[in-house]
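**Q** My questions will all concern the structure given below.
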Number of protein chains: 2
Amino acid sequence: MRNSKGLLVVLSGPSGSGKGTVLKELLARNDNLFLSVSATTRSPREGEVNGKHYYFLSKDEFEDKIRNDGMLEYASYCGNYYGTPKETVAEMMNAGKDVILEIEVQGAMQIKEKCPDAVFIFIMPPSMNELKHRLSDRRTEDAETIAKRMKAAVDEIRMSYRYDYIVINDVVSKAADTLDEIIRVQKSSTLHMKEFIDEVLEDE
Amino acid sequence: MRNSKGLLVVLSGPSGSGKGTVLKELLARNDNLFLSVSATTRSPREGEVNGKHYYFLSKDEFEDKIRNDGMLEYASYCGNYYGTPKETVAEMMNAGKDVILEIEVQGAMQIKEKCPDAVFIFIMPPSMNELKHRLSDRRTEDAETIAKRMKAAVDEIRMSYRYDYIVINDVVSKAADTLDEIIRVQKSSTLHMKEFIDEVLEDE
């Protein structure tokens with residue numbers, strides 16, 4: 001049989017790349033793809049549901065998981081931990097479902113070391129000009145915040161060389177199409193088909 | 001700009017895998033994909049056209065090309081040379097066209113060393129039983145020839161681990177769909193998008 005285990009897909013992209021919108025469209029059209037829910041030690045905001053928006057853990061619970069190798073990746077921002085619990089991701093993949101993580105570049109690089117057969121996709125804005133335009137359109141941000149985000153975007157884009165695929169988000173539906181195709185094509189990768197080759201050869 | 005150079009696609013598969021039929025269907029549906037014409041020193045058979053079926057070269061011409069690094073890969077069978085001339089492949093790729101080579105495993109491995117950014121696809125029969133069935137259906141072959149081809153197929157399939165993708169040819173149109181998708185998706189590979197990332201970063 002072909003490898004029935006699901007894929008692990010890691011999605012990153014700078015603020016303003018529109019990766020959230022692309023991801024939403026991708027999830028709507030791909031029934032076998034599930035978004036991994038992150039864990040965090042920050043307090044739930046109003047309306048946030050445990051297990052849906054985040055798994056809300058205490059600092060002790062989170063650090064226990066780190067010690068017991070229970071986190072695929074994690075980082076600490078503003079005094080709170082954020083991370084991807086291994087268990088639910090593994091369960092879904094073993095059930096044949098593809099799992100997608102939307103995470104920062106640093107977390108993605110942690111996963112690259114642990115899961116070399118994951119697929120790493122980076123969402124790019126069509127240009128820095130367009131990125132600046134998108135960030136400026138968010139009326140809530142002042143010039144200083146925009147400049148900071150532009151700098152952060154450049155730092156992230158510098159890391160994009162380490163991803164497997166670069167998808168330009170010019171038109172959202174096209175970017176979602178490309179992501180969907182990338183995921184489908186991985187099912188024919190030799191890594192994924194190894195068991196099938198083994199079986200054909202045992203067969204002879 | 002995105003990398004405008006075409007892709008090099010290398011297709012292999014054992015006799016009976018149906019790779020010729022899949023390739024024909026793929027070429028019919030993909031306007032930007034061109035089949036590379038091999039060179040050979042064997043004599044043209046009736047109806048064979050120089051430059052269409054093969055480039056027919058003299059032994060001296062072929063050996064000159066080998067000496068001048070003019071062959072992407074070559075091999076000798078039954079006293080004749082067969083190979084892929086570099087020049088036409090490079091011209092098409094520089095013009096933005098994707099080029100596909102249908103070659104044996106040994107030739108494919110020569111190309112893997114010279115062109116690490118080529119895509120290597122191996123067409124597999126659904127099973128050894130089905131392969132045997134397909135080879136036996138060719139009424140012209142006797143039992144000994146079939147046994148030889150089965151052994152050759154096993155040897156080739158053992159090399160399939162070194163390809164990038166394994167496409168099972170169960171239904172021809174589906175296999176052609178998968179090949180088409182694999183080729184399309186390569187345009188988003190980081191290798192292919194490197195120039196675009198460079199430019200976005202220079203832009204800032």
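The values are calculated or read from the model by the stated rules, or taken from the named source; none is laboratory data. Just so it is clear, the structure is predicted and the values come from calculations on it, not from any experiment. FYI the Cβ positions are ideal-geometry reconstructions off the backbone, even for glycines, and counts take in every protein chain you see.
**Q** Kindly establish whether A:Ala75 is out of contact with any His (no Cβ under 8 Å at 6 or more places or on another chain) and surrounded by fewer than 15 Cβ atoms within 10 Å (Cβ to Cβ).
**A** yes
**Q** OK, next. Looking at the stretch A:56-65, which of its residues are surrounded by 11 or more Cβ atoms within 10 Å (Cβ to Cβ) and either at pLDDT below 95 or acidic (Asp, Glu) (or both)?
**A** Of everything in the stretch A:56-65, those that are surrounded by 11 or more Cβ atoms within 10 Å (Cβ to Cβ) and either at pLDDT below 95 or acidic (Asp, Glu) (or both) turn out to be A:Glu61, A:Glu63, A:Asp64.
**Q** Taking the options B:Ala143, B:Ala108, B:Ala75, name whichever one is among the aliphatic types (A, V, I, L, M) and free of Cβ contacts under 8 Å to residues at least 12 places away in the same chain.
**A** Values: B:Ala108 fails: free of Cβ contacts under 8 Å to residues at least 12 places away in the same chain; B:Ala75 fails: free of Cβ contacts under 8 Å to residues at least 12 places away in the same chain.
None of the others qualify; the one that does is B:Ala143.
**Q** Filter the stretch A:192-204 for residues that are in contact with a Ser or Thr (Cβ under 9 Å, 6 or more places away or on another chain) and surrounded by 18 or more Cβ atoms within 10 Å (Cβ to Cβ); which is modelled with the lowest pLDDT?
**A** A:Val200
**Q** Which condition from (1) touching a strand residue (DSSP E or B) at 6+ places or on another chain (Cβ under 9 Å); (2) within 13 Å of chain B (Cβ to nearest Cβ); (3) at pLDDT below 90 is the one that A:Lys132 breaks?
**A** (1)
**Q** Here is a list: B:Ser173, B:Ser189. Which entry is of a type outside the set (Phe, Trp, Tyr), surrounded by fewer than 20 Cβ atoms within 10 Å (Cβ to Cβ), away from chain A (no Cβ under 12 Å) and out of contact with any Leu (no Cβ under 8 Å at 6 or more places or on another chain)?
**A** B:Ser173
**Q** Counting just the residues of the stretch A:149-167 that are buried (at least 21 other Cβ atoms within 10 Å of the Cβ) and not aromatic (Phe, Trp, Tyr), which one comes out farthest from the other protein chains (Cβ to nearest Cβ)?
**A** In this case the residue turns out to be A:Ala153.
**Q** Here is a further query. Of the residues in the stretch B:176-186, how many are more than 7 Å from every other protein chain (Cβ to nearest Cβ) and either in contact (Cβ under 8 Å) with a residue 40 or more places away in the chain or within 18 Å of A:Ser127 (Cβ to Cβ) (or both)? I'd like the intermediate steps shown before the answer.
**A** Initial filter on the stretch B:176-186 (more than 7 Å from every other protein chain (Cβ to nearest Cβ)): B:176-177, B:179-180, B:183, B:186.
Next, only the ones that are either in contact (Cβ under 8 Å) with a residue 40 or more places away in the chain or within 18 Å of A:Ser127 (Cβ to Cβ) (or both) stay: B:176, B:179-180, B:183, B:186.
Of the residues in that region, 5 qualify.
**Q** Could you go through the stretch A:80-94 and let me know if any residue there is farther than 30 Å from B:Tyr165 by Cβ, within 10 Å of chain B (Cβ to nearest Cβ), surrounded by 15 or more Cβ atoms within 10 Å (Cβ to Cβ) and not small (Gly, Ala, Ser). Before the answer, list the steps.
**A** Kept after step one, since they are farther than 30 Å from B:Tyr165 by Cβ, are these residues of the stretch A:80-94: A:80-83, A:85, A:87.
With within 10 Å of chain B (Cβ to nearest Cβ) added as a condition, the list becomes none.
No, the stretch A:80-94 has no match at all.
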